[in-house]
Amino acid sequence: MNKLEMTEAIILAKQAKALSWEAIAASMAMGTVWVTSACLGKNSMPENAASKLCDILELSEEVKAALIAYPTKTWEQQVPQDPLVYRLYEIVGVYGDTLKEVIQEKFGDGIMSAIDFTMDVEKIEDPKGDRVLLTMNGKFLPYKAW
């Protein structure tokens, strides 16, 4: 079973059980964003977490093996058409250079890790329209000179 087939099986089981990603992640005592990412094939899951997920969704050993397998992290190089994903690209397009400048001014020459990293999504209720709060927390990795 490949990652795409795994994702399809997980989504079908999730829908059949009427579970949210948040409920699945909470029952695993793990982060919602990370669990969802692994279920969509972008991260590998440790064996114990894969077992828990497969128990919750009543999925096969094939799905468990695919969850544990290391992914190839690639994505389309085209601008995405989904409006929400497109807006995230737009944010990076408009503010990417600014974020780079501000981060490097505060930390020095380096990058923010996407490996030693967490991300949370919160809903902030507001009478003028609910707000989305994305929190990205990555370790700073300075470039090495030698």
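Figure legend. Inter-residue proximity from the stretch 94-107: first residues touching a residue at least 12 places away in the same chain (Cβ under 8 Å), second residues in a helix (DSSP H, G or I) and among the small types (Gly, Ala, Ser), beta-carbon distance below 9 Å, spacing 6+ or different chains. No pairs are indicated.
Yes or no, residue by residue, for (1) charged (D, E, K, R); (2) on the phi < 0 side of the Ramachandran plot; (3) touching a His at 6+ places or on another chain (Cβ under 7 Å); (4) modelled with pLDDT under 95:
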residue: Thr74; (1), (2), (3), (4): no, yes, no, yes
residue: Asp126; (1), (2), (3), (4): yes, yes, no, no
residue: Gly129; (1), (2), (3), (4): no, no, no, no
residue: Thr135; (1), (2), (3), (4): no, yes, no, no
residue: Lys144; (1), (2), (3), (4): yes, yes, no, yes
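Report whether or not Val33 is among the aliphatic types (A, V, I, L, M) and within 17 Å of Met119 (Cβ to Cβ). Full working, then the answer.
Numbers: among the aliphatic types (A, V, I, L, M): yes; within 17 Å of Met119 (Cβ to Cβ): yes.
Against the criterion (among the aliphatic types (A, V, I, L, M) and within 17 Å of Met119 (Cβ to Cβ)), Val33 qualifies.
Evaluated against (1) assigned to a helix (DSSP H, G or I); (2) at pLDDT 95 or above, Glu22 falls short on exactly one condition, (2).
Here's the yes/no breakdown for (1) surrounded by 15 or more Cβ atoms within 10 Å (Cβ to Cβ); (2) within 21 Å of Leu141 (Cβ to Cβ):
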position	(1), (2)
Ala18	no, no
Ser27	no, no
Trp34	yes, yes
Glu47	no, no
Lys52	yes, no
Gln81	no, no
Val85	no, no
Gly96	no, yes
Lys106	no, yes
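Please determine whether any residue of the stretch 31-49 is among the aliphatic types (A, V, I, L, M), over 15 Å from the mean Cα position of the chain (by Cα) and assigned to a helix (DSSP H, G or I). Spell out how you get there, then give the answer.
Going through the stretch 31-49, the residues among the aliphatic types (A, V, I, L, M) turn out to be 33, 35, 38, 40, 45, 49.
From what is left, the residues that are over 15 Å from the mean Cα position of the chain (by Cα) are 49.
Narrowing further to those that are assigned to a helix (DSSP H, G or I): 49.
Yes.
Give me the residue from the stretch 61-72 that is surrounded by 10 or more Cβ atoms within 10 Å (Cβ to Cβ) and assigned to a loop (DSSP other than H, G, I, E, B) and, out of that set, modelled with the lowest pLDDT.
In the first step, residues of the stretch 61-72 are kept if they are surrounded by 10 or more Cβ atoms within 10 Å (Cβ to Cβ); the result is 61-69, 71.
From the residues that got through so far, the ones that are assigned to a loop (DSSP other than H, G, I, E, B) too are 69, 71.
Working: Ala69: 97, Pro71: 92.
Per the criteria, the residue is Pro71.
Regarding Ile11, is this residue of a type in the set (Val, Ile, Thr), exposed (fewer than 14 other Cβ atoms within 10 Å of the Cβ), part of a helix (DSSP H, G or I) and assigned by TED's automatic domain parsing to the domain that holds Thr118? No: the conditions fail for Ile11.
The values are calculated or read from the model by the stated rules, or taken from the named source; none is laboratory data. Everything numeric here is computed off the predicted structure, so don't read it as measured data. No Cβ is skipped: glycine too gets one built from the backbone with ideal geometry, and neighbour counts run over all protein chains shown.
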